[in-house]
Amino acid sequence: MFSYENNAKFRHYFQQLDNICEQLQFIWLCPQQSVSYFLALKKLVNSLQISYDTVYCASINSLIVHYLLSHCPFQHLETFDDGTGNILPDSIFYHPPVLSLKQKLLRKCLGVSWDSRKIIANSRLHYTLYPQFDNIVQLTRAISLITPDRVEHNQLSAPNTEKILLGQPILSDAAENARLFEQIATKFGIRRYFPHPREQQLPDLDIIHSEQIFEDWLIQNISKYTTFELYHLFSTAGLNTAHLPNIRSLAVDVGNLNPRPVPEATRTLFARMGIETIDL
């Protein structure tokens with residue numbers, strides 16, 4: 001498992017993998033330290049088996065994934081969703097950036113022969129949470145975050161409502177980011193806050209501390225007695241959970257406060273999933 005972060009959430013899922021993997025490593029990658037970064041990649045490649053039957057990947061635009069595929073003999077390749085990149089026609093997956101001369105030389109020196117286009121062309125099957133939408137990989141198989149029996153058990157009119165705000169580090173200034181989410185919480189009367197793993201400073205709210213990602217935490221806490229109102233800034237986690245029973249998902253539009261305007265295609269996708277957009 002390679003990661004740019006070394007926090008409790010990544011360690012939690014690393015330990016879960018330990019129960020099912022014959023061989024396991026946690027490699028913390030630091031792009032700012034180029035020598036250590038490439039030594040870590042080399043160490044990972046040297047620990048691979050001679051060959052694999054099937055390789056699975058999600059981040060098809062990642063140089064690390066391209067590097068591993070180029071140095072890992074395998075028979076079959078299968079892919080998973082990476083956020084909404086697979087289903088949004090204006091995403092980087094559909095329009096890979098043109099590589100600079102420096103990037104081309106780096107890939108050549110590293111022996112990288114794979115790229116996102118090659119992954120798409122060679123993926124024999126793609127697993128998706130969104131089977132109702134066209135996917136960049138043609139052959140797809142639907143997967144679900146929750147078993148059908150839990151959906152049926154909890155699909156009732158819940159008497160209670162609980163509001164939760166999902167954190168996102170959209171502003172480079174950590175303090176300003178925390179104040180923005182405090183402003184959102186005040187506007188909509190939200191008390192509880194589920195932080196994003198990359199947030200450096202948290203708002204003054206009731207923080208939900210969990211080693212799980214939000215989707216897993218929510219599934220464990222779904223109840224036929226409570227409707228969860230989820231407030232987020234067009235979050236993938238909000239999109240992934242919008243279809244779950246007793247969930248009302250609301251995308252907050254913060255306008256010019258967001259340094260990266262939300263693309264129209266993203267707004268359309270969220271609307272098609274039944275997510276209402278509300279203004280701050």
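Counting only alpha carbon atoms, the long axis of helix 34-46 and the longest principal axis of the chain meet at about 70°.
Dipole size of region 124-280 about its Cα centre, with +1 on Lys/Arg Cβ and -1 on Asp/Glu Cβ: approximately 320 debye, rounded to the nearest 20. Legend: Rg and Dmax of the chain, from Cα coordinates, 20.3, 61 Å. Neighbour counts of other Cβ atoms within 10 Å put His66, His232 in the fewest-to-most order His66, His232.
When Rg and Dmax are taken over the Cα atoms of region 148-279, they come to 14.6, 44 Å.
Between Glu229 and Leu125, take the C-beta separation as r, use R0 = 35 Å, and let me know the FRET efficiency to the nearest 0.05. Using R0 = 35 Å, I get an efficiency of 0.45. Compared with the dominant principal axis of the Cα atoms in the chain, helix 174-188 is inclined by about 40°. Say the dipole of the chain comes from +1 at the beta carbon of Lys and Arg and -1 at that of Asp and Glu; which of Gly85, Leu110, Ile164 then lies farthest toward its positive end? Checked the options; the winner is Leu110. Among Trp114, Trp28, Trp217, sorting on how many other beta-carbon atoms sit within 10 Å of each Cβ, with the fewest leading, yields Trp28, Trp217, Trp114.
Each DSSP beta bridge with both residues in the chain is either parallel or antiparallel, and the antiparallel ones are about 5%. As a calculated quantity, the FRET efficiency between Thr277 and Tyr94 at R0 = 25 Å, using C-beta atoms, amounts to about 0.60.
By the helix-only formula, in which each DSSP H run with n ≥ 4 contributes -39500 (n - 2.57) and the sum is divided by residues, the chain has a 222 nm mean residue ellipticity of -9500 deg cm²/dmol. Taking the number of Cβ atoms within 10 Å of each Cβ as an exposure proxy, the fewest-first ranking of Ile64, Ile20, Ile219 is Ile20, Ile219, Ile64. Volume per residue of the convex hull around the Cα atoms, evaluated for region 2-142, comes out as 132 Å³. Label positions at Asn6 and Leu24, each projected 7 Å from the Cα along the C-beta direction, are separated by 1.8 nm.
Only the coordinates and a few stated rules stand behind these numbers; no lab work does. These numbers come from a predicted model, not from an experiment. Please note: Cβ atoms are built from the backbone with ideal geometry, for glycine as well, and neighbour counts cover all protein chains shown.
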